[in-house]
Amino acid sequence: MSTAQHHSTLIAALRDPGNWPAQGRPAAIECIETHISSVLLADDRAYKIKKPLDLGFLDFSTLERRRYCCHEELRLNARLAPDVYLDVVPITGTPQRPVLGGQGEPIEYAVKMRRFDANALLSKNLAALTPELIDAIADKAATFHAGIPAVDPATPYGTPEAVLFPMQQNFDQIRALVDDPAELERLARLERWTQGHYQQLRGLLAQRRAQGLVRECHGDMHLGNMVLEAGEVIIFDGIEFNPSLRWIDTLSEVAFLVMDLDEKGLPGLGGRFLNRYLERTGDYAGLPVLRFYQVYRAMVRAKVAGIRLGQPGLSDPDKAAVLAAYAGYAALAERYTRPAAQALVITHGVSGSGKSRAAGALIEAHEAIRVRSDVERKRLAGLAAEARSDSALQGGIYSDDLTGRTYAQLLETCATILDAGFTAVADATFLKQAQRVPFAALAAARGLPFVILAPQGDAALFRRRVAERAAIGADPSEAGLEVLETQLGSVEPLTEEELRWALSVPAHGPFPIEAFAARLMAPSAR
């Protein structure tokens, strides 16, 4: 009996409740097939059995390899889903009469898991993806990345060559699975783009590894591997089968979820996730590699669809759906290779005027990266974003010196964001003309539009917002009413030239994205 027949016979037998132990025997058993595993659903448990495959990027071809990978799956997923992954269970007996957890020589192994409601998968429950939930996922990812080990420099993982290898492998493997001439042409374009950007980024990839930003990540962080239970997101099914696919740059992991949200038609939430993650980690210097990894991640999903095409048993409707999925991911990858419209944007207004609200709306409506003075000021002082410094007015972290350093940090980060091909948004009060001038000069030097977001409202509205924010106490800003009154008395209005760059943002209602887009095209904005 071949290994494939061994597996199919075993799964068929395990789908019969009569072959399960009498104690705790399930009433019915369902089976879910993926391209690399068979998952048996039995009452409140799930048993994942790996298929005897060697696909190049994974090797489950021997029983020992499958046993080892089952234990790795348990270890790795205990980090983010400890109450889902329960045990590794041997299967004894014969493929025709298997005994789950029995005594004797194992013929196979299964990862025992707590079963959850498949309808709670975020990939099937997009309506649950509120902005608040996206923030929570970003916080979870940032905390996870901060707590996992960095790569040992003596290992080969995460080197520039190791980064390129699975990318090239994707192209090689997809080429053997797809026969449509137009798709093959697109594949060749994507391959050339990847090779060219690899050469440009090679030094940065090596630098990030040396800085400890290659870590033992989840490796497969997308919506299909997230489940929502009791308002909490559980991230499961991390990669166990190939260390090189989990010892990766943390931004490669981030790129996967951003890509997945884009593919689901939720680019605004993708932008929110990315910005929240960057605020938490401060990893703006890694932005030049983001598109490179987004193309890779889209092609990973395209390859998965291609592998499904080569497996038997697909109905014509299923095959059409898989082909559409492949084409969709390939098209998304190609979109990432095209330059996006860029601008340099700053905000202008006192505390409570709605600056952060306007900037936040912009990053969800346009491919933009925001850097916030309230967050960067505290990062420079060695404080977490929500930490309270209890600084006196114009003292502590609000001293003139730290304020000057904060604006210099904003300017430097905006240059990094622009270099990476994104619109940069500096979210700060910018009350003084001297603070605004260097940003206008940076935009002019890059030949990019310069836009000043000018939220509208009156002092009474601003006072109410500041008081409400202080009562909640969960915002990086520590500005209270005393700070607001000082700002109202010291703000320097926009000059006549600056007014040409200003975009009024209403105190209430949606962000004027069409007016913003028009500003990007207007010669006066440059």
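Please return the ranges of strands (runs of 3 or more DSSP E) entirely within the range 3-56 where 2 or more residues are under 36 Å from the mean Cα position of the chain (by Cα) and of a type in the set (Lys, Arg).
Details: elements: 29-33, 37-42, 45-50.
Where strands (runs of 3 or more DSSP E) fall fully within the range 3-56 and carry at least 2 residues being under 36 Å from the mean Cα position of the chain (by Cα) and of a type in the set (Lys, Arg), they are 45-50.
Before we move on, is ILE11 touching an Asp or Glu at 6+ places or on another chain (Cβ under 9 Å), more than 19 Å from PHE236 (Cβ to Cβ) and surrounded by 18 or more Cβ atoms within 10 Å (Cβ to Cβ)? Spell out the reasoning first.
Numbers: touching an Asp or Glu at 6+ places or on another chain (Cβ under 9 Å): yes; more than 19 Å from PHE236 (Cβ to Cβ): yes; surrounded by 18 or more Cβ atoms within 10 Å (Cβ to Cβ): yes.
Against the criterion (touching an Asp or Glu at 6+ places or on another chain (Cβ under 9 Å), more than 19 Å from PHE236 (Cβ to Cβ) and surrounded by 18 or more Cβ atoms within 10 Å (Cβ to Cβ)), ILE11 qualifies.
Looking only at the range 118-132, count how many residues are in a helix (DSSP H, G or I) and surrounded by 18 or more Cβ atoms within 10 Å (Cβ to Cβ).
First, pick out the residues of the range 118-132 that are in a helix (DSSP H, G or I): 118-120, 122-124, 126-128, 131-132.
Checking the rest, the ones that are also surrounded by 18 or more Cβ atoms within 10 Å (Cβ to Cβ) come to 122.
Looking only at that region, the number is 1.
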GLU191 vs. criteria over 22 Å from MET259 (Cα atoms) and in contact with a helix residue (DSSP H, G or I) (Cβ under 7 Å, 6 or more places away or on another chain)
no
Within the range 366-415, tally of residues that are of a type in the set (Phe, Trp, Tyr) and modelled with pLDDT of 90 or more
1
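Taking the stated definitions as given, is LEU332 assigned to a helix (DSSP H, G or I) and surrounded by 23 or more Cβ atoms within 10 Å (Cβ to Cβ)? Give the derivation first.
On the way: assigned to a helix (DSSP H, G or I): yes; surrounded by 23 or more Cβ atoms within 10 Å (Cβ to Cβ): no.
Considered against the rule, which asks whether it is assigned to a helix (DSSP H, G or I) and surrounded by 23 or more Cβ atoms within 10 Å (Cβ to Cβ), LEU332 comes out as no.
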Could you tell me whether ALA444 is over 22 Å from PRO288 (Cβ atoms), in a helix (DSSP H, G or I) and not polar (S, T, N, Q)?
yes
Here is a list: CYS69, CYS31. Which entry is outside the structural domain of PRO312 (by TED's automatic domain parsing), under 30 Å from PHE165 (Cβ atoms) and not aliphatic (A, V, I, L, M)?
CYS69
Scan the range 110-131 and tell me whether some residue there is over 23 Å from the mean Cα position of the chain (by Cα) and closer than 20 Å to GLY328 by Cα.
no
Any pair with Cβ under 8 angstrom, 6 or more apart, that starts in the range 1-12 at a residue that is under 13 Å from GLU108 (Cα atoms) and ends at one that is of a type in the set (Phe, Trp, Tyr)
none
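Per-residue answers, yes or no, for (1) in the same structural domain as ARG272 (by TED's automatic domain parsing); (2) within 20 Å of the chain's Cα centre (by Cα); (3) not small (Gly, Ala, Ser):
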{"residue": "GLY349", "(1), (2), (3)": "no, no, no"}
{"residue": "GLY352", "(1), (2), (3)": "no, no, no"}
{"residue": "LYS355", "(1), (2), (3)": "no, no, yes"}
{"residue": "HIS366", "(1), (2), (3)": "no, yes, yes"}
{"residue": "VAL371", "(1), (2), (3)": "no, yes, yes"}
{"residue": "LEU383", "(1), (2), (3)": "no, no, yes"}
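The values are calculated or read from the model by the stated rules, or taken from the named source; none is laboratory data. Source: prediction; values computed, not measured. Here the Cβ is made from the backbone with ideal geometry for all residues, glycine too, and neighbour counts use every protein chain on show.
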